[in-house]
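The values are calculated or read from the model by the stated rules, or taken from the named source; none is laboratory data. As the structure is a computational prediction, the values presented were derived from the model and not from experiment. Glycine gets a Cβ as well: all are built from the backbone with ideal geometry, and neighbour counts include every protein chain shown. Keep in mind that these areas ignore ligands, DNA and RNA; they rest on the heavy atoms of the full protein, side chains included. Shrake-Rupley method; radii C 1.70, N 1.55, O 1.52, S 1.80 Å.
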Amino acid sequence: MEILQVDAARPDETAIARAAETLRRGGLVAFPTETVYGLGGNALDAAAVEKIFQAKGRPARNPIIVHIGEMNAIPDLAEHWPETAQKLAARFWPGPLTLVVQKNNRIPDVVTAGGPTVALRMPAHPVALALLRHCKLPVAAPSANRSSALSPTRADHVLRSLGDRFDLLLDAGPTPGGLESTVLDMTQTPPRLLRPGLAALADLEAVVGSIEITRQLDGPVEPRRSPGMLNRHYAPNTPLTCVDGDGWPRVCELAGKALRVGWLTFTERDTLPGNVIAVVLPDQADSCATELYAVMHRLDQLGLDCILVDLPPPRPEWLAVRDRLLRACAGADLSGL
Ligand code: AMP
Ligand code: MG
């Protein structure tokens, strides 16, 4: 496995050419996007995409987003490209928005988990765009981490999670957005939100009108903590639990049992028990998104007994951050601590 450092704003041509060549010959390349690092393979090469599933330990039923560098790639990938998709793409691409449409039969089944639809996105990161435009291939790329673990926002997160299960890493420093793309199902009217993400719902609705939200995305914490209601995902190895409002009483309770506690909070405290490590998160949703995974990666390496997270308020701008936090703590059980 090879690591190439590239400038995030003006990536070096030779590094990009080398990565493109790796993709063309069926290899896997980890590369930065404006959301998180992705693990890419040629989307038209079933064997390459199979390697992505193996490297991640990803269940075969979970389809992968296909990344493109030019709009003219769409007719080869989508059987039908709705006008609403065109409007959204015109406004938000390149950017952190993924559009699910009817797939063309050129796309191998392994990419779409056997389903009739494909998820498409044109990423905005200069390195990702340069790579896609150089290799002239659609690139299937989920986040560059083992399945259901924390997403990587830095090259060292990728290496710690995937080791050498891929061929080449383009290291361009931290990813600016820090959270995954918003995923919309465009095969229905109105479009349906499949995953909240960096593209804000209100901005999308301003372009295409109302968007359907069927899954309960942002309910109270308690019922959602029970296993089975949500798949554990985006999760650190350390048991993590979310608290609606101020987690201080719970922190004190756990610290009183001599446990080593990590605490993600929005409120600064002057004094803390010695066995508590607190990190104050930015109270702006977009800055918080940028830092969230990096902070969780850091706490996860400290060998703590548990991590407690104060949830941000249930307001629209916090939808994606709350979704990731609730998924990260789904099924985690601190009751025995
Ligand atoms: P990740 O690859 O980890 O960023 O996750 C990609 C997200 O997009 C997952 O939630 C997938 O289930 C979703 N996705 C990818 N392809 C499709 C598709 N064809 N239909 C619906 N959802 C999809
Ligand atoms: Mg992922």
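Find the residue count for the stretch 252-300, including only residues that are within 24 Å of Val321 (Cα to Cα) and either acidic (Asp, Glu) or in contact (Cβ under 8 Å) with a residue 40 or more places away in the chain (or both).
Qualifying residue count, the stretch 252-300: 20.
May I ask you to verify whether Pro11 is in the same structural domain as Leu131 (by TED's automatic domain parsing) and either crowded, with 24+ Cβ neighbours inside 10 Å or away from ligand 2 (no atom under 16 Å from the Cβ) (or both)?
Yes; evaluated as a whole, the condition is true for this residue.
Somewhere in the stretch 156-171, is a residue within 10 Å of ligand 1 (Cβ to nearest atom) and within 19 Å of the chain's Cα centre (by Cα)?
No: zero hits.
What do you reckon, is Pro190 away from ligand 1 (no atom under 13 Å from the Cβ) and either assigned to a strand (DSSP E or B) or touching a residue at least 24 places away in the same chain (Cβ under 8 Å) (or both)?
On the way: away from ligand 1 (no atom under 13 Å from the Cβ): yes; either assigned to a strand (DSSP E or B) or touching a residue at least 24 places away in the same chain (Cβ under 8 Å) (or both): no.
Spelling it out, it is not the case that Pro190 is away from ligand 1 (no atom under 13 Å from the Cβ) and either assigned to a strand (DSSP E or B) or touching a residue at least 24 places away in the same chain (Cβ under 8 Å) (or both).
Return the residues of the stretch 140-155 that are more than 12 Å from ligand 1 (Cβ to nearest atom) and either assigned to a loop (DSSP other than H, G, I, E, B) or closer than 21 Å to Asp45 by Cα (or both); say none if nothing qualifies.
Thr153, Arg154
Looking only at residues in the stretch 174-187 that are of a type outside the set (A, V, I, L, M) and outside any strand (DSSP E or B), which one is farthest from ligand 2 (Cβ to nearest atom)?
Thr187
So which residues in the stretch 16-51 are among the hydrophobic types (A, V, I, L, M, F, W, C) and open to solvent by 40 Å² or more (accessible area, probe 1.4 Å), if there are any at all?
Leu44, Ala46, Ala47
Pick out, from the stretch 1-97, the helices (runs of 4 or more DSSP H) lying fully within it that include 2 or more residues that are among the hydrophobic types (A, V, I, L, M, F, W, C) and away from ligand 1 (no atom under 15 Å from the Cβ).
13-24, 46-56, 83-92
Tell me which residues, restricted to the stretch 86-114, are closer than 28 Å to Pro126 by Cβ and of a type in the set (A, V, I, L, M, F, W, C).
Matches in the stretch 86-114: Leu88, Ala89, Ala90, Phe92, Trp93, Leu97, Leu99, Val100, Val101, Ile107, Val111.
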